[in-house]
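What follows is a short report on a single structure.
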Amino acid sequence: MYKGIKYFLLLLALTGCSLEDSQNSREQKNNTIDEEAIETISSTVDVLATNLHIPWTITKHDETFYLTQRDGQIIETVAGSGSVKTQQLSVTKDVLHEGEGGLLGFVLTPNFDSTQQAIAYHTYVQENMTQNRVVVLQKNGDTWKETNVLLEDIPGGQIHNGGRMRIGPDGMLYITTGDSGHSELAQNKNSLAGKILRMNLDGTIPKDNPFPNSYVYSYGHRNPQGLAWDEEGRLYSTEHGQTAHDEINLIKPGQNYGWPVIQGDEEAPGMISPLFHTGEDTWAPSGIDYNNGKLYIATLRDSRIRSFDLTTRSVDIIHENSGRMRDVYIEDSRLFTITNNRDGRGQPRKDDDKLLKIDL
């Protein structure tokens with residue numbers, strides 16, 4: 001295991017404010033944030049792996065992590081071992097690592113012990129068009145080989161490919177897709193762009209999806225990159241805004257979340273405004289997870305791990321000073337996260353990118 005690094009962050013005490021004073025001074029108006037009221041939580045950070053290259057998704061089985069890298073590789077590392085294996089991906093259509101595209105979402109199947117299978121989301125080119133696809137992978141030694149295609153022809157581009165995948169409490173696969181830089185597609189229910197999709201694990205359309213014979217679960221999204229459920233089965237998603245106004249949305253089947261017609265506090269008939277948005281500040285939120293009444297959010301532009309309390313709508317900083325943060329995975333009061341300082345928009349530091357563990 002790499003030697004643990006401890007970061008001791010400044011508490012509000014340095015500003016002369018008590019926790020109670022800070023909470024009392026929060027402005028809940030318009031569900032936006034008051035930066036002066038945000039507190040920083042002191043935590044211990046351990047570095048579990050270094051010298052990664054644009055990791056995108058964290059998955060974990062027992063004590064083994066599997067991380068996708070946007071250039072088309074999968075990293076395997078065992079917690080505490082200090083060893084990192086680079087595994088190859090064998091797919092029938094080459095991974096296009098360009099712009100924000102590449103090898104993105106990755107989930108292990110529920111019966112991974114026996115099948116050694118996973119599901120991946122990646123960008124590719126078909127007839128000079130950038131697209132995304134969802135495929136089943138079989139692990140054999142240090143190679144993951146495509147064995148089945150669940151869905152193809154998801155619009156892609158240099159930007160806004162979405163790409164987050166999670167298996168929900170209902171056993172269904174949920175997939176976020178971006179508008180691919182063509183905002184009008186988000187409102188087109190016949191397009192797979194700018195949506196949250198839902199499918200059976202064999203790639204078929206669930207009979208109880210909101211629109212007949214359609215994978216579309218919700219629409220009107222710009223570039224959603226986070227999915228998480230609370231203990232009541234409520235689904236939340238993070239989404240990149242156009243000019244700040246990044247969003248946290250409570251996702252309900254068949255609903256329209258407004259892009260590109262509304263954003264922030266704007267309203268329109270038949271469209272759902274966000275549960276929370278960042279106002280004039282930019283987070284560029286990516287992966288999220290849920291724990292004990294709070295969403296934990298990895299932010300890229302904002303370069304922090306933040307928590308959002310679903311009851312009080314308050315925001316805290318859980319971790320900072322590691323650069324761009326891409327994904328969050330929580331287990332047993334331990335938060336695992338990855339940096340993305342080599343994605344072309346960050347400032348790489350020694351040993352970047354990294355897999356980190358934070359004790360909540």
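Go through region 218-249 residue by residue and tally those that are hydroxyl-bearing (S, T, Y), buried (at least 24 other Cβ atoms within 10 Å of the Cβ) and closer than 19 Å to V107 by Cα.
Residues meeting the conditions: 2.
Could you please find all residues in region 49-74 being surrounded by fewer than 22 Cβ atoms within 10 Å (Cβ to Cβ) and closer than 17 Å to D351 by Cα?
T50, N51, H53, listed by residue number.
Tell me which of these N148 doesn't satisfy, since it passes every other one: (1) polar (S, T, N, Q); (2) without any contact (Cβ under 8 Å) to a residue 60 or more places away in the chain; (3) over 17 Å from I119 (Cβ atoms).
N148 satisfies every listed condition except (3).
Which of the residues that make up region 265-291 are without any contact (Cβ under 8 Å) to a residue 60 or more places away in the chain and over 17 Å from the mean Cα position of the chain (by Cα)?
E266, E267, A268, P269, G270, M271, I272, S273, E280
Starting from region 179-204, keep only residues that are under 21 Å from M165 (Cβ atoms), then list their pairs with residues that are surrounded by fewer than 20 Cβ atoms within 10 Å (Cβ to Cβ) and modelled with pLDDT under 95 whose Cβ atoms are within a distance under 7 Å, requiring at least 6 positions of separation or different chains.
Correct list of pairs: empty, since none qualify.
Quickly run through region 215-242 and pick out the residues that are under 16 Å from P285 (Cα atoms), in a loop (DSSP other than H, G, I, E, B) and touching a residue at least 24 places away in the same chain (Cβ under 8 Å).
H221, R222, N223, H240, G241 - these are the residues of region 215-242 that are under 16 Å from P285 (Cα atoms), in a loop (DSSP other than H, G, I, E, B) and touching a residue at least 24 places away in the same chain (Cβ under 8 Å).
Filter region 316-336 for residues that are without any contact (Cβ under 8 Å) to a residue 40 or more places away in the chain, part of a loop (DSSP other than H, G, I, E, B) and in contact with a strand residue (DSSP E or B) (Cβ under 9 Å, 6 or more places away or on another chain); which is farthest from F106 (Cα to Cα)?
G323
Restricting region 107-121 to residues that are in contact (Cβ under 8 Å) with a residue 40 or more places away in the chain and assigned to a loop (DSSP other than H, G, I, E, B), which is surrounded by the fewest Cβ atoms within 10 Å (Cβ to Cβ)?
Per the criteria, the residue is P110.
Could you figure out which of (1) under 29 Å from R349 (Cα atoms); (2) free of Cβ contacts under 8 Å to residues at least 24 places away in the same chain isn't true of K294?
Of the numbered conditions (1) under 29 Å from R349 (Cα atoms); (2) free of Cβ contacts under 8 Å to residues at least 24 places away in the same chain, the odd one out for K294 is (1).
Can you tell me which residues in region 193-214 are assigned to a loop (DSSP other than H, G, I, E, B) and crowded, with 24+ Cβ neighbours inside 10 Å?
Result: A193, G194.
Take the residues of region 54-85 that are polar (S, T, N, Q) and touching an Asp or Glu at 6+ places or on another chain (Cβ under 8 Å): which is farthest from Y121 (Cα to Cα)?
Top of the filtered list is T64.
Is it the case that region 131-148 has a residue that's surrounded by fewer than 20 Cβ atoms within 10 Å (Cβ to Cβ), of a type in the set (S, T, Y) and not in a loop (DSSP other than H, G, I, E, B)?
Yes, region 131-148 contains at least one residue that is surrounded by fewer than 20 Cβ atoms within 10 Å (Cβ to Cβ), of a type in the set (S, T, Y) and not in a loop (DSSP other than H, G, I, E, B).
I'd like the full set of residues that are at positive phi and either at pLDDT below 95 or of a type in the set (K, R) (or both), limited to region 261-311.
Once the filter is applied, which keeps residues that are at positive phi and either at pLDDT below 95 or of a type in the set (K, R) (or both), region 261-311 yields only G264.
List the number of the failed condition for S286; all other conditions in (1) in a strand (DSSP E or B); (2) out of contact with any His (no Cβ under 9 Å at 6 or more places or on another chain) hold.
In the conditions (1) in a strand (DSSP E or B); (2) out of contact with any His (no Cβ under 9 Å at 6 or more places or on another chain), S286 misses (2) alone.
Go over the candidates R349, R313, R342 one by one and state the one that is crowded, with 21+ Cβ neighbours inside 10 Å, part of a loop (DSSP other than H, G, I, E, B) and out of contact with any Ser or Thr (no Cβ under 8 Å at 6 or more places or on another chain).
Within the list R349, R313, R342, the selection yields R342.
The values are calculated or read from the model by the stated rules, or taken from the named source; none is laboratory data. Given the structure is predicted, the values throughout are model-derived calculations rather than measurements. Heads up, the Cβs are rebuilt from the backbone with ideal geometry, glycines too, and the neighbour counts pull from every protein chain shown.
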